[in-house]
Every structure is written in C-alpha cells, then in structure tokens.
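Chemist: Below you will find the structure I want to go over with you.
The values are calculated or read from the model by the stated rules, or taken from the named source; none is laboratory data. On a predicted model such as this, the values are computed, not experimentally measured, just so you know. Because the Cβ atoms are built from the backbone with ideal geometry, glycine has one as well, and the counts that use them run over all protein chains shown. The protein model used for the area step is the full one, side chains on, heavy atoms only, and it has no ligands, DNA or RNA in it. Shrake-Rupley method; radii C 1.70, N 1.55, O 1.52, S 1.80 Å.
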Amino acid sequence: MKEIIDALLAEEITSRDVAGLRLPEYYRGNVVRREDTSMFEGLESREKDPRKSLQVQEVPTPEPGPGEALVAVMASAINYNTVWSSIFEPLPTFGFLERYGRLSDSTRRHDQPYHVLGSDLAGVVLRTGPGVNRWRPGDRVVAHCLSVELESPDGHGDTMLDPEQRIWGFETNFGGLAELALVKSNQLMPKPEHLTWEEAAAPGLVNSTAYRQLVSRNGAQLKQGDNVLIWGASGGLGSYATQLALAGGANPVCVVSSAQKADICRAMGAEAVIDRSAEDYRFWKDERTQDPREWKRFGKRIRE
C-alpha cells in the first residue's frame, strides 16, 4: 500500500499510471468480527467499549463488479453507525451482510465473518468495474454513504425510496475505515480541490443526512422563518443542520449538553441555545424509563 500511496501523492501521475499500479492481495481494514458479537452481553450500553471490539485486520482485496469502483482511501471519518456497529447495538450488523449477500452472486462477497466499517471517504479511484464510464483510475473523489441498486422504479425519483437502499459500510461491507474501499460508482463525487483529504472526508454522511431531513423535496422543505429544533446541535449531523437552518433564513433552536458545546453553536451564529446539563434535565428515570414531566418542562422552555 505504501507504494500506491506514494505514487498517488506524486504531482504528476496519469490515469494510465494509476491503472498500472499493482494491487495488493490484502489490505488493512478496521473491522468487527462475527465471533465477537456476544462479547458485551450483560453490559449496559455505556459500559461497552468499542476499543475492545474494533480490530485492524488484513482482509482480501475485492474485485470491483459491475457499476463499482475500488478506491484508495486517503482519509475517512467516524460516525455513530460505526459506534453502533462496534458495540453490536441495537443488533450486530452481520445480519445486514447476510441479507445483502442473498441478493445476488455479486453481493455474496459482502457476507463475511468480518465487517470492514466506515461510511465516509476521500480518496483516489484505483479500478472500476464493467459499466463504469464516468470515473477513471486516478480520479480524486469523495463518496457519500447511500448504496442503492436502482433496479426498482421506486428509487428513480428519490434514491432513498429504493427498496434496496443501504448505508455503505454499515449495511454493506468494505467500508471507508480502511486502506481500500469498495463503493458503487454512483456514490462518487469529485473531491473539492480547495479541501484537504481530511476536510473532504468529513461531511459526506452528516451533511447529506441533514440536507435530506431539512431541505430536500421529501424532507421538511425548510424555509425562511421556520423554527428548527436541533438536538445535539454541536455534533456532526447537528452542526450541519444548524448551518443549513441559518443559511436558509430559519431559526435554529440548538440543544446541547455542555457550556463548551453551547459556545460552538453560538460561534456558528445560533442565538437560541439550550444547555440541558446546565438546566438539569433528566429525561430518563433509568436506561429504559422516560420521565414525561421532564419532557413537558423542556417543551415549555422551547416556547419561551
């Protein structure tokens, strides 16, 4: 892999040069393993430590099939789905891989005893499969997280409605927390030249999710003057939701859990910020029982 990365970082390299690079038989990926799915049984969620389940492991390099691309990962990002996968909550992701593996001969590769995680990347295309015309080896790209088959008309107007839509690296294998990644070619977009690899890798999942929820035709269709309640407003998804609300002339009501996070929201331009720790909200009596009185108190606070 070092030879590949050194070549890709060279100032003058052609598509033919990249296509001629020798691919490794194996690459390193950040994985969870099927054999470990019961390791946290009996523990509360807060006691489950991802550092115990996540492993860096060498896995066989997949050959890109029709409509797919193999990408050298230059940077990736961690999302909540990586955390959920790593603690096997709300259920192990190997069930997703098994179901996807039954779809076709090509998808059977995803059903493995390991799951390479990661739903974001910025990188360089190394190889493309049959039927890929838009992308070539050497192209610098970012990948969004939505993997779709697009064989059903349900998804033609809105890919989120495709009955076979999945989150890449969560419900599919060969994700972005690795040296290489396998993606659908329709997940790829050109890497913005003014961004570093790390900056380009960070927004994909969270920004597209926030846009889908707030702005898109089948989302809230946010407009000027709307009041938008944003929970966890300083995090990845919440910070983009806050920025989209402000850019669209809406009024974000940002809910956070510390004074430091409240300052982050104010620095983005938000004026209405609720620090739930400072106001001592206790929405749960225990891990399984909510307190309706606290939610009512919170509702009154929002209307102030």
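Chemist: In the set Leu9, Leu21, Leu103, which member is in contact with a helix residue (DSSP H, G or I) (Cβ under 6 Å, 6 or more places away or on another chain) and of a type outside the set (Val, Ile, Thr)? Steps first, please.
Modeler: Numbers: Leu9 fails: in contact with a helix residue (DSSP H, G or I) (Cβ under 6 Å, 6 or more places away or on another chain); Leu103 fails: in contact with a helix residue (DSSP H, G or I) (Cβ under 6 Å, 6 or more places away or on another chain).
That would be Leu21, the only listed residue that is in contact with a helix residue (DSSP H, G or I) (Cβ under 6 Å, 6 or more places away or on another chain) and of a type outside the set (Val, Ile, Thr).
Residue-wise test of (1) of a type outside the set (Asp, Glu); (2) open to solvent by less than 60 Å² (accessible area, probe 1.4 Å); (3) under 23 Å from Tyr80 (Cβ atoms); (4) at pLDDT below 90.
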residue	(1), (2), (3), (4)
Gly235	yes, yes, yes, no
Gly249	yes, yes, no, no
Ser257	yes, yes, yes, no
Gln260	yes, no, yes, no
Val273	yes, yes, yes, no
Glu287	no, no, yes, yes
Arg303	yes, no, no, yes
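Chemist: Against the condition open to solvent by less than 30 Å² (accessible area, probe 1.4 Å), among the hydrophobic types (A, V, I, L, M, F, W, C) and within 26 Å of Lys191 (Cβ to Cβ), how does Val56 come out, does it pass? Working first, answer last.
Modeler: Values: open to solvent by less than 30 Å² (accessible area, probe 1.4 Å): no; among the hydrophobic types (A, V, I, L, M, F, W, C): yes; within 26 Å of Lys191 (Cβ to Cβ): yes.
Spelling it out, it is not the case that Val56 is open to solvent by less than 30 Å² (accessible area, probe 1.4 Å), among the hydrophobic types (A, V, I, L, M, F, W, C) and within 26 Å of Lys191 (Cβ to Cβ).
Each row is one residue, and each column tells you yes or no for (1) open to solvent by 40 Å² or more (accessible area, probe 1.4 Å); (2) of a type in the set (Asp, Glu); (3) touching a residue at least 12 places away in the same chain (Cβ under 8 Å); (4) over 24 Å from Ile4 (Cβ atoms).
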site: Arg102; (1), (2), (3), (4): yes, no, no, yes
site: His110; (1), (2), (3), (4): no, no, yes, no
site: Tyr114; (1), (2), (3), (4): no, no, yes, no
site: Asp120; (1), (2), (3), (4): no, yes, yes, no
site: Gly123; (1), (2), (3), (4): no, no, yes, no
site: Arg127; (1), (2), (3), (4): yes, no, yes, no
site: Arg136; (1), (2), (3), (4): yes, no, yes, no
site: Leu150; (1), (2), (3), (4): yes, no, yes, yes
site: Gly155; (1), (2), (3), (4): no, no, no, yes
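Chemist: Would you check if there is a residue in segment 114-121 being closer than 18 Å to Pro190 by Cβ, touching a helix residue (DSSP H, G or I) at 6+ places or on another chain (Cβ under 8 Å) and at pLDDT 95 or above? Spell out how you get there, then give the answer.
Modeler: Narrowing segment 114-121 to residues closer than 18 Å to Pro190 by Cβ: 120-121.
Retained after the next criterion (residues that are touching a helix residue (DSSP H, G or I) at 6+ places or on another chain (Cβ under 8 Å)): 120-121.
Next, from what is left, pick out any that are at pLDDT 95 or above: 120-121.
Yes - at least one qualifying residue is present in segment 114-121.
Chemist: For segment 14-44, what are the residues that are open to solvent by 40 Å² or more (accessible area, probe 1.4 Å) and farther than 30 Å from Arg127 by Cα? Steps first, answer last, please.
Modeler: Let us first name the residues in segment 14-44 that are open to solvent by 40 Å² or more (accessible area, probe 1.4 Å), namely 14, 16-17, 19-20, 22-23, 25-26, 28, 30, 33-35, 37-39, 41-44.
Selection gives Glu35, Thr37, Ser38, Met39, Glu41, Gly42, Leu43, Glu44.
Chemist: Need at least 3 residues that are out of contact with any strand residue (DSSP E or B) (no Cβ under 7 Å at 6 or more places or on another chain) per element, so show me which helices (runs of 4 or more DSSP H) inside segment 187-301 make the cut, counting only ones lying wholly within it.
Modeler: Answer list for segment 187-301: 204-214, 236-247, 259-268.
Chemist: For segment 182-207, enumerate the residues that are in contact with a helix residue (DSSP H, G or I) (Cβ under 8 Å, 6 or more places away or on another chain) and open to solvent by 30 Å² or more (accessible area, probe 1.4 Å).
Modeler: Within segment 182-207, Pro192, Ala202, Asn207 meet the criteria.
Chemist: Right, Ser147: within 30 Å of Glu44 (Cβ to Cβ) and in contact with a helix residue (DSSP H, G or I) (Cβ under 7 Å, 6 or more places away or on another chain) or not? Explain how you work it out, then say what you get.
Modeler: On the way: within 30 Å of Glu44 (Cβ to Cβ): no; in contact with a helix residue (DSSP H, G or I) (Cβ under 7 Å, 6 or more places away or on another chain): yes.
The answer is no for Ser147.
Chemist: Scan segment 3-13 and give yes if some residue there is within 30 Å of Trp135 (Cβ to Cβ), part of a loop (DSSP other than H, G, I, E, B) and modelled with pLDDT of 95 or more, otherwise no. It would help to see each step written out before you state the result.
Modeler: At the first step, the residues of segment 3-13 found to be within 30 Å of Trp135 (Cβ to Cβ) are 3-13.
Now restrict to residues that are part of a loop (DSSP other than H, G, I, E, B): 9-13.
Imposing the further condition that a residue be modelled with pLDDT of 95 or more reduces the set to none.
Looking for residues that are within 30 Å of Trp135 (Cβ to Cβ), part of a loop (DSSP other than H, G, I, E, B) and modelled with pLDDT of 95 or more, one finds none in segment 3-13, hence no.
Chemist: Oh, and also: Of Pro92, Pro62, Pro66, which residue is assigned to a loop (DSSP other than H, G, I, E, B), touching a Gly at 6+ places or on another chain (Cβ under 7 Å) and either among the polar types (S, T, N, Q) or under 20 Å from Ser147 (Cβ atoms) (or both)?
Modeler: Details: Pro92 fails: touching a Gly at 6+ places or on another chain (Cβ under 7 Å); Pro62 fails: touching a Gly at 6+ places or on another chain (Cβ under 7 Å).
None of the other options fit; the residue is Pro66.
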